[in-house]
Amino acid sequence: MMIEKEEIVSRIKRLKQEKDVVILSHYYMPAELQFELADGGFVDFVGDSLGLSVQASNTHARNILFCGVRFMAETALLVNNGKNVFMPNPSAGCSLASSISAADVRALKEQYPGVPVMGYINTYAETKTELDICCTSRNAIAVAASLEGDRIIFVPDLYMGENLQKVIKKELGKDLILWNGSCEVHEQFRNFLPQMAAENNAEMLFHWEVPEEITNMMDDGRKGIVGSTGDILKYVKESNASRFYLASECDLSVALKKENADKEFITPCVKCPYMKQNTLLKLLEALEAIGGEAEAAYRIDLDADIIAKAKLPVERMLAVKI
Ligand code: 13P
Ligand code: SF4
């Protein structure tokens, strides 16, 4: 039997209350999973990966239901090990996170002894056990500034690394040693370069994860920002422009339009297939399962020794002030 959307939403609201669940959602979730409490919905907090990690570390609820991808939910468990962490679909992956293993990081450390390893938060917990410090796309430059020495190993995003390298060399005089991982979503924007170039009257909204040939447009005097999802939202709010070109995941437009009803956003609408493995119905199923035997299918579990080691680079990152 098909359940109406309104009925699903009301069941979600009741169950989250009954079971003491906080619901966290990334900006790349479909619109129905960005339905916040303040708008009559059920999501406690919508944010970028740094904001979600901070929320996860501060929550008092017994259970966290994380609408995002698996490395994000694992991070929530690392920063708040006392809580139960669940996902609507725990198999939701990420091409960056699966591009590098703990053994790969060990090999890099042997190749470059003494060089600190800054790992993007988009890595699995087992890989994090080998990192010195994590960063997200919002705090990467501040984290790099906090490290000793003139070289940093940055893994796994090659494109983000190339984009960061320009700024980090200029501002901090440091060189990055890079890995060959990429976001399969953001690299697709390469196919839309002619379309972007033709958008003369739009400001550009580029995520750090797009290839350098795209961010090079900024060197040619185009207005806009290269940043995290949160940075992009902040930039648009403060900009006087009325038209923007978004080169990041399509559903970031949900928050952009909500916060800037008077502004226009153009995007080829590239979607992350992993993020979209979360649906309203799956969220309801996860909530129904919490507290019973069926919850195992939605629970994020990690070995205690992995948690003990992997939380250190995340905690070091959270201690860096931005
Ligand atoms: P943010 O840190 O900007 O939220 O990005 C997360 C991500 O997975 C981007 O693809
Ligand atoms: Fe991973 Fe890219 Fe999807 Fe973000 S958008 S979760 S980096 S595959």
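The values are calculated or read from the model by the stated rules, or taken from the named source; none is laboratory data. Just so it is clear, the model here is predicted, and its values are computed rather than measured. So basically every Cβ, Gly included, is an ideal-geometry build from the backbone, and we count neighbours across all protein chains shown. With ligands, DNA and RNA removed, areas are computed over all heavy atoms of the protein, side chains included. Shrake-Rupley method; radii C 1.70, N 1.55, O 1.52, S 1.80 Å.
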Exercise. Pairs, please: C-beta under 7 Å, at least 6 apart or cross-chain, first residue open to solvent by less than 80 Å² (accessible area, probe 1.4 Å) and within 16 Å of ligand 2 (Cβ to nearest atom) and in segment 236-261, second in a loop (DSSP other than H, G, I, E, B) and polar (S, T, N, Q)?
Worked result: LEU246/THR267; CYS250/THR267; SER253/THR267; VAL254/GLN34; ALA255/GLN34
Exercise. How many residues does segment 101-122 contain that are in a loop (DSSP other than H, G, I, E, B) and either within 17 Å of ALA308 (Cα to Cα) or open to solvent by less than 10 Å² (accessible area, probe 1.4 Å) (or both)?
Worked result: 1
Problem set entry | When residues of segment 27-39 are limited to those that are surrounded by 15 or more Cβ atoms within 10 Å (Cβ to Cβ) and either at pLDDT below 95 or not polar (S, T, N, Q) (or both), the one nearest to ligand 2 (Cβ to nearest atom) | TYR28
Exercise. Can we say TYR159 is touching a Pro at 6+ places or on another chain (Cβ under 7 Å) and surrounded by 22 or more Cβ atoms within 10 Å (Cβ to Cβ)?
Worked result: yes
For this session: Please state which of the following conditions GLN165 fails to meet, knowing it meets all the rest: (1) in a helix (DSSP H, G or I); (2) loosely packed, with under 15 Cβ neighbours inside 10 Å; (3) free of Cβ contacts under 8 Å to residues at least 24 places away in the same chain.
Result: (2)
For this session: Output yes when any residue across segment 64-78 is away from ligand 1 (no atom under 12 Å from the Cβ) and over 18 Å from the mean Cα position of the chain (by Cα), and no when none is.
Result: no
Problem set entry | One residue from LEU52, LEU24 being touching a residue at least 24 places away in the same chain (Cβ under 8 Å), more than 23 Å from ALA304 (Cα to Cα) and within 16 Å of ligand 2 (Cβ to nearest atom) | LEU24
Exercise. Does ALA125 qualify as being within 24 Å of the chain's Cα centre (by Cα), open to solvent by 20 Å² or more (accessible area, probe 1.4 Å) and farther than 24 Å from VAL270 by Cβ?
Worked result: no
Problem set entry | Filter result (within 23 Å of ASP44 (Cα to Cα) and not in a helix (DSSP H, G or I)) within segment 293-322 | TYR298, ARG299, ILE300, ASP301
For this session: Select from segment 168-201 the residues that are farther than 15 Å from CYS269 by Cβ, among the aliphatic types (A, V, I, L, M) and either in contact (Cβ under 8 Å) with a residue 40 or more places away in the chain or open to solvent by 50 Å² or more (accessible area, probe 1.4 Å) (or both) and list them in ascending order.
Result: LEU172, ILE177, LEU178, ALA197, ALA198
